[in-house]
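Just so it is clear, none of the values below were taken in a lab; they were calculated from the coordinates. Everything numeric in this text was worked out from a predicted model, so none of it was measured. Cβ sites come from the backbone with ideal geometry, for glycine too, and all protein chains shown count toward neighbours.
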């Protein structure tokens, strides 16, 4: 995927502007109280903006509950958004009705984290793939459908003898390939890949990553690659956005996020990877963050932030009026921090 | 929710009564079925609203003031009849529920812990067999055994029951309703599934790994919650089962009252019984909820 | 007791997943076999009834042989209190519950799965409405409701079964809703939507046909067992199938009056028929459940 | 030879019976392991390699499923205890070659015997912690109650007040913030990291001789993983705890383990000092090398920007192939050894002091 980064800057295929998704608290007595106190909703995604260019892979990285999956699903209109705009090839899609959006679905596809999400457990692999083929090209006869299914299998390096199997009989890697083949049947332009390898072993993960990379080169796909694994994201993406509790805290070219992170959270993510591998590195980095705490106003990372602690808890960090916004620092890099590194 | 449900239930019952051909007030009008202005005049004279929804609202208003009206058949205040027979039915149904639980829970739990054992299979099968027999036939059989074979009391002795062996005469329908009427197999099945499910939970494996007594960890989710749920879900059916058993044993309870009232279209009585039954069902749900909240620390945050 | 586990596949041969039936435990197969036999007998009774291949006329009274025991003369299973042949009436009694029961189950399944899908798939207000409706139906005592309907309309078995179907629907709706929520939690439905499948395809094909058919089939067997017992109860109260048309319920009811005099057989024979049938449907349900859900048993 | 190991596992085999496939899944297929006092043994492997099932078998936590466990597990505390003693009497195993074709087993007596063997050992002498700590703690009881239960079950502190005191002590030991507050929390109110700390406290509260940690960091956030690893390292140093660490995360094992065993398809493929096995010299088993290479690290990227993957799928443990199990996916196999690899499975042979490799490439 790195190979695709050309000199010319391609057109954005997807633009997300100030996307917001707030979940209502569950019903009941306590939710009523929460609403009265003005905290009735959980801002899972709170003002996320980015763009994804043609043939590009944008990595979206963050820990569980940071809103990265919600962002991916909101883009595909799998859940209604609270606010903001999503533009696909310049056209606003946020306010399209489900029926208006359906023709666009074939171009915007999603790979789910759960290997079984795409596979009806009671259907054979062949039926699963043929259903997708028939959905994309309704006019095909049985023979043409089968040919198309074979093509798909070849694209994802699967053997034909798996067609008669049920999903439960496949290994994790094979399930993932079938899931990818099903998505490819729609001839998509953009794929939101939500943790596509987190349920797989490392050796299989490498196969799938290589496959996704090959497909991008062959079919000219654009990926929004969502993962909790910073290292993996850095390897597969051209650009990386780091999310923390519903906001993008840093976005920039993959190499810069990896080698020169500006946000303390990104730095902490990197150091925790090193720390769990070796004692010496852990002692040297000193980027340990605190266990989870509820965020205060202002910068959401402040309560866990080593910079905040080291600087004697400056007030602007927790002042609700001065939430840090993404500020460009050059070379396509932007960071949301009062005291960037 | 509860108020909306109670209003809905009484409304449906009233609707059915209204939709039926014939005049529910015929009894009050001296058995005559009147029509047109004549009927309206008669209604006005009795103070009955002319429209059906007017009648429903009037009934509703009275109930809210604690007035359930007068039985069309006996002329007695409905409230009094309801309380007297309701108490007897409550004794019957709650007693029988206890019997069901006392028999079914051990069988279900045993079958869950020892799925391969023959004893568990035999116990489960007997529960199925008892549940598959018609309650009233079992009732007749029991009466036959106790009156003819053992001669403990005279046949179908009526309301009060004999002095001698009175407790047995009272216990017989309770046990019968508890064992028969299909509840037994249902509870056995449910408890078996739930206990088996909880035994496979990760936290139960943790309990095993630390060498703890398993039941201490299983009983809350595997037993308390399912039992509370069964009690709540059985509430609507106990009255139904009671009708049969009360009939067999001449037990002057709510079931017989309902049966009689349905035949006579004694609408104040039917409405009162429907309301009472709905209240009992809601109480069952509240009990379930209470147990759930007491056991599950998360519940109060949901 | 020792249990045996045998590897039937040879070391190098290709193995594949066996069909659910072949991999089922012996006991479950036995249950299903028994249930299937009961179902076959039901069908047979219709054929016999239609072809009039019955041992006797169901309404012919033999006043010389009332309350006869089994194997009395040409009466294979004896006679009832009017000297009518029990075997014939038992065979025809099947028809009293079967089609009405089937109708009730059809109502329950259609209504139940419709409400369940509405609640689970749409969620929100639809869910609240279905919950209310289910609570409403649950709060009406079923037998009282039936008595009411019978009193209001005709004491006809089909009327009763419609009420039975409607009152059974909420339980089925709850189960279907649970299944839909389970599929939702595994992102299965989202994935289908994301692919571009229409809600119609997702609901009818993927949810109901592929994922709920086992559950609905099992509920149908249990519902059938309940329908048999229900007909019996109502017959006892005098509201079921009316004489002289035979039903197992009115046969027990008629015979029960003589039970207290020590005449067991004429009510015991239909009671045993009910036992065999209800047990058959229950075991069929249990067996199918274990097979479909892949529960390991024995 | 130095002191005998605290735990010795010899030829452990755990087979499950799959009713659907009517065949035995050979989850653990002849494993030999030793854990010395005070050391941390790391077991590395992919899903299906049998690493978790092996230790669950030792703890008697898989016996409920229809299947069979054979071999010897010796736990040497004050005196050696055989944890699988007497179980072989209760099963009849019919083999064809090295393959089990049928098992006749008295499930109930087996269960009872296994429970007898493990009484006092499980939870007391050997404690275990699991992945997904939030599901592994009882959601209906407070964290404190669960830790105090372990104290009362396995230590002298039987009195409730005394048990609570000990439980609080262990909560402090795992450095949970505000232990007194957490004592009365239910698991749902705690984050994943805090639940794992509570679970570790619960395991330690029994004052065991050995701790088995089954994927203790899996499923936790990256920043939290680092904290848990740090805690385990600290506890190991302070308490001198003997530990078996099961993980697919080579980084975590590399940080904590003294010795490492690499498992594949129910077998140990390589074992030895952690630094040597995971050092990435490429001199060990081809599987270990390929595993290390496929990790998403910068240095593993090939020129074209591809990750070196291990081709093929995870081993089918029903039809384990004759010969070396890794043969079909091996990238270092060459014509010189191909015939040998196909013919017979290599032994786990010592190639250097304390280092064993199951590969024909390493054997003359």
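How would you classify chain C from its alpha-carbon gyration tensor, with a ≥ b ≥ c the square roots of the eigenvalues: rounded for a/c under 1.5, else prolate if a/b is greater than b/c, otherwise oblate?
Numbers: a/c = 2.81, a/b = 1.48, b/c = 1.90.
Cα axes put chain C in the oblate bin.
Nearest 10 degrees, 0 to 90: what angle lies between the long axis of helix C:142-152 and the longest principal axis of chain C (Cα atoms)?
60
Using Cα pairs under 8 angstrom and six or more residues apart, how large is the relative contact order of the stretch C:98-225, in percent?
Working: 117 pairs, mean separation 50.0, N = 128.
Worked out over the stretch C:98-225, it gives 39 percent.
Rank A:240, A:183, A:61 by mean-square fluctuation in a GNM of chain A with C-alpha springs under 10 angstrom and give only the top-ranked residue.
So, out of A:240, A:183, A:61, the one fluctuating most is A:183.
Considering only DSSP beta bridges whose two residues both sit in the stretch D:211-284, what percent are antiparallel, to the nearest 5?
Working: 6 of 10 bridges.
Counting DSSP beta bridges with both partners in the stretch D:211-284, the antiparallel share is about 60 percent.
What do you get for the angle between helix C:124-139 and the principal long axis of chain C? Use alpha-carbon atoms, 0 to 90 degrees, nearest ten.
Compared with the principal axis, the helix lies near 20 degrees.
Of all DSSP beta bridges located in chain D, what percent are antiparallel, nearest 5?
Here the share of antiparallel DSSP bridges comes out near 65 percent.
For a quick check: sort B:65, D:362 by the number of other beta carbons within 10 angstrom, fewest at the front. Mind showing how you got there, number by number?
On the way: B:65 8, D:362 19.
Sorted ascending by nearby Cβ count, the order is B:65, D:362.
Which whole number in µm²/s is D for the stretch C:163-202 by Stokes-Einstein, with the Kirkwood Rh taken over Cα pairs at 25 °C and 0.890 mPa s? It would help to have the intermediate numbers written out before the result.
Numbers: Rh = 11.5 Å.
Calculated translational D: 213 µm²/s.
I'd like the distance separating the alpha-carbon centroids of the stretch C:68-86 and the stretch B:235-252, in whole Å.
So the separation of the two Cα centres works out to 33 Å.
To make sure I understand, if each residue's beta carbon is the centre and we count other beta carbons within 10 Å, what order do A:300, A:259 fall in, fewest to most?
In increasing order of surrounding Cβ atoms, one gets A:259, A:300.
Taking 8 Å as the Cα distance limit and 6 or more residues as the minimum spacing, I'd like the relative contact order of chain C as a percentage.
Values: 378 pairs, mean separation 75.4, N = 298.
The normalised contact order for chain C reaches 25 percent.
What residue among A:69, A:147, A:323 shows peak mean-square fluctuation when chain A is described by a Gaussian network model with Cα springs under 10 Å?
A:147
For the stretch B:78-301, what's the relative contact order in percent, using C-alpha pairs closer than 8 Å and at least 6 residues apart?
Averaging sequence separation for qualifying contacts and normalising by length gives 28 percent for the stretch B:78-301.
Between the stretch D:166-206 and the stretch C:229-298, how far is it from one alpha carbon centroid to the other, in angstrom?
57
Can you give me the C-alpha center-to-center distance between the stretch A:119-134 and the stretch B:110-138, rounded to a whole angstrom?
A separation of 42 Å, based on Cα centres.
Considering only DSSP beta bridges whose two residues both sit in the protein assembly as shown, what percent are antiparallel, to the nearest 5?
Working: 74 of 111 bridges.
Antiparallel bridges make up about 65 percent of those DSSP assigns within the protein assembly as shown.
Taking the Cα atoms only, what angle lies between the long axis of helix B:36-46 and the longest principal axis of chain B, rounded to 10 degrees?
On a 0 to 90 degree scale, this one is about 70.
Of D:345, D:115, D:78, which has the largest mean-square fluctuation in a 10 Å C-alpha GNM of chain D?
Between D:345, D:115, D:78, it is D:78 that shows the largest mean-square fluctuation.
Give the order of D:59, D:199 when sorted by the count of other beta carbons within 10 angstrom, beginning with the fewest.
On the way: D:59 23, D:199 29.
Final ranking by Cβ density, sparse to dense: D:59, D:199.
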